[in-house]
Amino acid sequence: MSRRKKHEEHEEHENHERWLVSYADMVTVLMALFIVMFAMSSVDQEKYNALKSGLAAGFGQESILLGNDSVLAEANDVMGGISPQLATEDLTDKEDQAVQAALRSHSTLAAGRAKADAEAEVSRLDGVYARLQAALRKRGLQDDVTATYDDRGLVVSLVSRHVVFAADLSYLSKRGRRIVDTLAPVLRDIADPLQIDGHTNQAAGPPRYYATDWDLSAARAITVLRRLNEQQRIPGERLTLAAHGHERPLMDPARPGSQEINKRVDIVLVSDAPASTRALLDDVAAERAAKRAAAARPAPGSTPDTTDHQTSTEGTH
């Protein structure tokens, strides 16, 4: 009987709701925070300056943020109070110069890091394109594909020098099917998402078998996407498409032969690099092309105009 009584007393001492103590402490702290915030919203200028001085003494002048004198300032100044600025009026000239130098250094380091990342990404994508070109070269198809860079990644264009698409039609010619099937094994081995962009040329009037250029360009993109997915087993989750109609010519429409080139499909290898890095891909690729052009130039006495022309031409391909 005595043993049973001791056991019941032991159970009575167990507290299964100890979490309420922590919860109550947290609620108390939150309540105190809101009380302080409410009190700050109605202080006068003298009390605010005293609080500011106390914070400056505790944390250092460099960390003080300037805002409105009251949280509940006039309605027209509400947004100004939400956006704090570093209080530099209390800094000496030497300290202010040090802050500005640190900011410039940080900006320079960030830009340098983005440039280095862009160079690394271009090197990787250049390697992929070299594999694509090697596969095409084995079948004599290297002249049917060209590559550029934009802020998405590497753009591989199936140009129509040898009729990848017939006029006004969306189905691939026999040579076009060979090109897509040659590219597919390399594209299947990489992890980059692929966006298929359809284009038409700038011929006057609507296409013969489609209502608009938008419809024809979309149909061309779908044709290539389906072949990559259904015939070449590239997973559908890696594939998207876009239709551009005649709005994005690869060549100037006024140039001879441009209409055969501009009716095309682009396969975009979408980079997963940050936007700041992708924005530099085209510039990095152009710089490398310019260096290659300068290294391949045989005559050291070439005129500046010739040099500029060679650099520009090389950089666009």
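The values are calculated or read from the model by the stated rules, or taken from the named source; none is laboratory data. Remember, predicted model here, so these are calculated numbers, not experimental data. Please note: Cβ atoms are built from the backbone with ideal geometry, for glycine as well, and neighbour counts cover all protein chains shown. Surface accessibility is based on the protein's heavy atoms, side chains included, excluding ligands, DNA and RNA. Shrake-Rupley method; radii C 1.70, N 1.55, O 1.52, S 1.80 Å.
Which residue, of R175, R226, is part of a helix (DSSP H, G or I), out of contact with any helix residue (DSSP H, G or I) (no Cβ under 9 Å at 6 or more places or on another chain) and either under 13 Å from D266 (Cα atoms) or open to solvent by 60 Å² or more (accessible area, probe 1.4 Å) (or both)? Can you show your working first?
Working: R175 fails: out of contact with any helix residue (DSSP H, G or I) (no Cβ under 9 Å at 6 or more places or on another chain).
Answer to the check: R226.
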_Hits in segment 203-214 (condition: surrounded by 17 or more Cβ atoms within 10 Å (Cβ to Cβ) and out of contact with any Gly (no Cβ under 9 Å at 6 or more places or on another chain))_ = P207, Y210
*For segment 142-172, how many residues are crowded, with 19+ Cβ neighbours inside 10 Å and over 25 Å from A203 (Cα atoms)?*
3
*Does segment 245-277 hold any residues that are open to solvent by 60 Å² or more (accessible area, probe 1.4 Å) and of a type in the set (K, R), and which are they?*
R248, R255
*Are there any pairs with C-beta distances below 9 angstrom linking a residue in segment 192-213 that is over 26 Å from L228 (Cβ atoms) to a residue that is open to solvent by 50 Å² or more (accessible area, probe 1.4 Å) and aliphatic (A, V, I, L, M), with the two at least 6 apart or on different chains, and if so which?*
A203/A167; R208/A167
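Kindly indicate whether G140 is without any contact (Cβ under 8 Å) to a residue 40 or more places away in the chain, assigned to a loop (DSSP other than H, G, I, E, B), within 18 Å of K263 (Cα to Cα) and not acidic (D, E). Even if it seems obvious, please write down each step before you answer.
Values: without any contact (Cβ under 8 Å) to a residue 40 or more places away in the chain: yes; assigned to a loop (DSSP other than H, G, I, E, B): yes; within 18 Å of K263 (Cα to Cα): no; not acidic (D, E): yes.
No.
Let's see how each residue does on (1) in contact with a Ser or Thr (Cβ under 6 Å, 6 or more places away or on another chain); (2) of a type in the set (D, E):
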| residue | (1), (2) |
| --- | --- |
| I196 | no, no |
| P207 | no, no |
| D213 | yes, yes |
| E230 | no, yes |
